[in-house]
Amino acid sequence: MHTTNTLRRAAIAVLTAATLGLAPTALADTGHQGSSWRAAWAASPQAPTAPFTPNWSQQGFENQTVRQVVRVTTGGTRARIELTNRYGSTPLRITGATVARTAEGGAVRPGSVRQLRFDGRASVTIPAGGTLRSDAANLPVEAFGSLTVTLYLAEKTGPATFHHFSSATSYRADGDHRGDLTGTAFRETSASWYFLSGVEVTGGRDSARRNGVVTFGDSITDGVGSTVDANGRYPDELAERLAEAGRPRAVVNHGIAGNQVVNDTTWAGEKALTRFRQDVLAEPGVRTVIVLEGINDIGGSTATFPAPPTPDVSAARLIAGHRTLIREAHAKGLKIVGATLTPIKGSFYDSPANEAKREAVNDWIRTSGAYDAVVDFDRAVADPADPDRILPAYDSGDGLHPNDAGYEAMAGAVDLNEL
C-alpha cells in the first residue's frame, strides 16, 4: 500500500468540501445550458477486446445491471455523466440509470440514489459511434468522493465500448437492480468500466475556475501496477497533492494501457494522434494537459504479446507525433506539459535499440523547448545506481510499471506552479 493513508485522504476531503462550499440542495435542470460544467472524472473509451484478462466487453449485456464506482477529483452542487457508444456497431439502449454516493463494494448510501434522465426521459438510445451526457442530477458531490453509476441494460447491447484497465471493481447483476441499496445481487465483478466515459460537475465556489488538468498517455498514466480500488494512480496522487497544497483542481485520467502515439492497435485503442481530439480537447473546464506517451511505439515493434508487433517507429517520427499534439493543444488554448519516458531496463521492452530511442526522445523533451513545461518522470523513478532501470522500491514487478510508491513519486515530481 502506498504511504498516502486513509486519514490523510479524509483530511483532504474535508478541506476540499469546505473550499467548494457545497450546498445541501440545488435546483435541478437538464444541465445542457451554459458553460459552467467541469470534468471531474474520465476514462478513455476503447473498442471491445480481451488481450489479458477476461471482461464483459466482447459479449456485451442483456437484461443485466452494471454498477461502476469512480472517484471524482473536484466537487460541485450537481453532477452529470457521460455515456459512450463510440465503438458500438448498433444503437445502444440505456433502459435506466442512477447515480449515488458509494458505500462499501457494490452498495450505495441510503438517501443518495438519484434517477438519471436524458432530456427529461428515463431511457435513452445512443447511436453507434455516439456519445451523450445525462441531465443534471441534484446530488452535491465532494472532491475525492466516490460515486456509483448504475446502468440497467434490458435489451441486448452487442459488444460494449469500454475501458480495459480500470484498477477498480465494477459489478454485474441479472435483471433490474438500478435502485438497490445493497450489493447483494451483484455477484459478478470486473476490473473494467463499460459505456461510462465521464463525470462532470457544476456549482460550488470553484464553478468559475477553468483550471482542470488532463493526464494523457498509456498504461503508466492509466495506473497499471497500482493497487486495485486504492486510487493510487499518479493522476490520483497529483490531485491529492494539489488539494494538500491549497490549490484544488480536477485531474482527469485519459490513459489507455498499451496506447501508442502514431500507431493504432487492435487492443489498446486508437493512436494518440486520433483520440487526443475527442479525449482531451473536448473536456470542459480544462487548462493543462500532461503528455506521457511513446514507450509502446518504441517497444511495440519488438513485442509479440498480446498482439503481433506494430510497425517500427523512429525517434524522429515519435517526436513529430508529439509536436502534432503540442500544436493541437495550443490551437485549443491549452498549456501542454511533456513528460519524459520512464525506464525500461529489465522489462520486456529492454533492448539496446529501444533504449537508444527512449534516450533520444527524452533528450528532445528535456531540451527542445517544444513543450510549455517538462516533468521528468524518468529521473523521478529511476534507480540512481542504474538510471536506465526503475528503482526496485518503485517497481510493480515487471521492470516497466511503477507500484503505488512509484506513482506517488511521479506525482511528487510535478512542479505545481507549472499547472
(message) Just to be sure I understand, how many residues within segment 88-97 are buried (at least 20 other Cβ atoms within 10 Å of the Cβ) and assigned to a loop (DSSP other than H, G, I, E, B)?
(response) 1
(message) Quick check on my filter: what residues within segment 202-234 are among the charged types (D, E, K, R) and either in contact with a Cys (Cβ under 9 Å, 6 or more places away or on another chain) or crowded, with 21+ Cβ neighbours inside 10 Å (or both)?
(response) Asp206, Asp218, Asp222, Arg233
(message) Just to check your reading of the model, which residue among Ser112, Ser123 is surrounded by fewer than 24 Cβ atoms within 10 Å (Cβ to Cβ) and over 20 Å from Trp41 (Cα atoms)?
(response) Ser123
(request) Kindly provide the set of residues from segment 346-363 that are crowded, with 19+ Cβ neighbours inside 10 Å and under 22 Å from Ala411 (Cα atoms), ordered by number. (result) Arg358, Val361, Asn362
(message) Where the second residue is basic (Lys, Arg) and surrounded by 14 or more Cβ atoms within 10 Å (Cβ to Cβ) and the first is assigned by TED's automatic domain parsing to the domain that holds Leu147 and modelled with pLDDT of 95 or more and lies in segment 108-122, which pairs have Cβ atoms under 6 Å and are six or more apart or on separate chains?
(response) Arg109/Arg101; Ser112/Arg101
(message) Test of understanding: among Leu139, Leu181, which residue is farther than 29 Å from Arg277 by Cα and touching a Pro at 6+ places or on another chain (Cβ under 9 Å)?
(response) Leu181
(message) Suppose the filter is closer than 30 Å to Glu142 by Cβ and either touching a helix residue (DSSP H, G or I) at 6+ places or on another chain (Cβ under 8 Å) or outside any strand (DSSP E or B) (or both); does Asp264 pass it?
(response) no
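For the subset of segment 166-201 comprising residues that are in a strand (DSSP E or B) and surrounded by fewer than 17 Cβ atoms within 10 Å (Cβ to Cβ), which member is nearest to the chain's Cα centre (by Cα)? Spell out how you get there, then give the answer.
Going through segment 166-201, the residues in a strand (DSSP E or B) turn out to be 170-174, 188-190, 193-194, 196-201.
Then drop every residue that is not surrounded by fewer than 17 Cβ atoms within 10 Å (Cβ to Cβ), which leaves 174, 188-189.
Details: Asp174: 27, Glu188: 23, Thr189: 19 Å.
Looking at the filtered set, the residue picked out is Thr189.
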(request) Among the residues of segment 41-87, count how many are farther than 14 Å from Ala100 by Cα and either assigned to a strand (DSSP E or B) or not assigned by TED's automatic domain parsing to the domain that holds Val141 (or both). (result) 9
(message) Return the residues of segment 179-206 that are over 18 Å from Glu82 (Cβ atoms) and in contact with a Gly (Cβ under 7 Å, 6 or more places away or on another chain); say none if nothing qualifies.
(response) Gly183, Phe186, Gly204, Arg205
(message) Just the residues that are polar (S, T, N, Q) and assigned to a helix (DSSP H, G or I), please, taken from segment 209-230.
(response) Ser219, Thr221
(request) Could you check, for segment 272-288, whether at least one of its residues is crowded, with 19+ Cβ neighbours inside 10 Å, in the same structural domain as Gly217 (by TED's automatic domain parsing), within 20 Å of Arg86 (Cβ to Cβ) and among the β-branched types (Val, Ile, Thr)? (result) yes
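In segment 98-109, which residues are touching a strand residue (DSSP E or B) at 6+ places or on another chain (Cβ under 9 Å) and part of a loop (DSSP other than H, G, I, E, B)?
Matches in segment 98-109: Ala103, Gly105, Gly106, Ala107, Arg109.
The values are calculated or read from the model by the stated rules, or taken from the named source; none is laboratory data. As the structure is a prediction and not an experimental result, all values here were calculated from the model. Cβ atoms come from the backbone with ideal geometry, glycine included; neighbour counts cover every protein chain shown.
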